[in-house]
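A quick write-up on the structure given underneath.
The values are calculated or read from the model by the stated rules, or taken from the named source; none is laboratory data. On a predicted model such as this, the values are computed, not experimentally measured, just so you know. Here Cβ is always computed from backbone atoms with ideal geometry, including for glycine, and neighbour counts include all displayed protein chains. Only protein heavy atoms, including side chains, enter the accessible area calculation; ligands, DNA and RNA are left aside. Shrake-Rupley method; radii C 1.70, N 1.55, O 1.52, S 1.80 Å.
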Amino acid sequence: MSHTSSLYGQWLRRDLSQRFAGSAGGRLWLILQPLSFIVVITLVFNGFFKTKWPGGDGSAIDYGLKVFIGLAIHTAAAEVLNRSPSCILSHPYLVTKVRFPLGMLPMVNLGVAGVQLLLSLVLALVAALLMGSVTAVEAGAESVAALRANAERNGLAVEARQADVFEFLK
């Protein structure tokens, strides 16, 4: 089991480092992407279209954080669902030449999406606490609780453990 977990860690680090390799910001994009996403979503929908979130205090920050939290969870789920079916086909040398735990490849995709989701939710929490948006923190806690319940219901122990990190929000 320890061999598989160390192999999982190596593949997870490899996938995360390859994600933004060759770009100007490198791994900094793991932080810059969610931050820019919050700003663009808030500016477009709340600034230009004057969209308001039902409930809450009606501020742009509150709206942006609530939408961002929902979209971060959606993006993580969409990434896992889009990348996992083709991950084994994209590594044919592992299927034919080497004895390799193939079930780990979709779990690596799940782990990468979980790391990005974790960073996004931490950034949203920090922004909400700095801006004093209590309703966004509550929405984040509800979203994480829903994510954990869904992960446990579907048997995704890795996502459930990642959701445990946010237990302090409640």
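Numbers for the structure displayed
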| item | result |
| --- | --- |
| Tabulated pairs, the stretch 32-49, first within 16 Å of Met131 (Cα to Cα), second among the β-branched types (Val, Ile, Thr), C-beta under 9 angstrom, 6+ apart or interchain | Ile38/Val67; Thr42/Ile61; Thr42/Val67 |
| Neighbours by Cβ (under 6 Å, 6+ apart or cross-chain): first from the stretch 57-78, touching a residue at least 40 places away in the same chain (Cβ under 8 Å); second of a type outside the set (Val, Ile, Thr) and assigned to a loop (DSSP other than H, G, I, E, B) | Ile61/Ser133; Asp62/Gly56; Asp62/Ser133; Leu65/Ser133; Lys66/Trp53 |
| Count of residues meeting criterion [modelled with pLDDT under 85, among the polar types (S, T, N, Q) and under 30 Å from Asn109 (Cα atoms)] in the stretch 45-82 | 0 |
| Matching option when the condition is surrounded by 12 or more Cβ atoms within 10 Å (Cβ to Cβ), over 16 Å from Asp15 (Cα atoms) and in contact with a helix residue (DSSP H, G or I) (Cβ under 8 Å, 6 or more places away or on another chain), among Leu94, Leu71, Leu110 | Leu71 |
| Residue list for the stretch 74-91, filter: in contact with a helix residue (DSSP H, G or I) (Cβ under 8 Å, 6 or more places away or on another chain) and open to solvent by less than 70 Å² (accessible area, probe 1.4 Å) | Ala76, Ala77, Glu79, Val80, Ser84, Cys87, Ile88, His91 |
| Every residue from the stretch 38-68 that is aliphatic (A, V, I, L, M) and either open to solvent by 60 Å² or more (accessible area, probe 1.4 Å) or assigned to a loop (DSSP other than H, G, I, E, B) (or both) | Val39, Val40, Leu43, Ile61 |
| Criterion: over 17 Å from Ala127 (Cβ atoms) and touching a Ser or Thr at 6+ places or on another chain (Cβ under 7 Å) - qualifying residue of Pro34, Pro85, Pro106 | Pro106 |
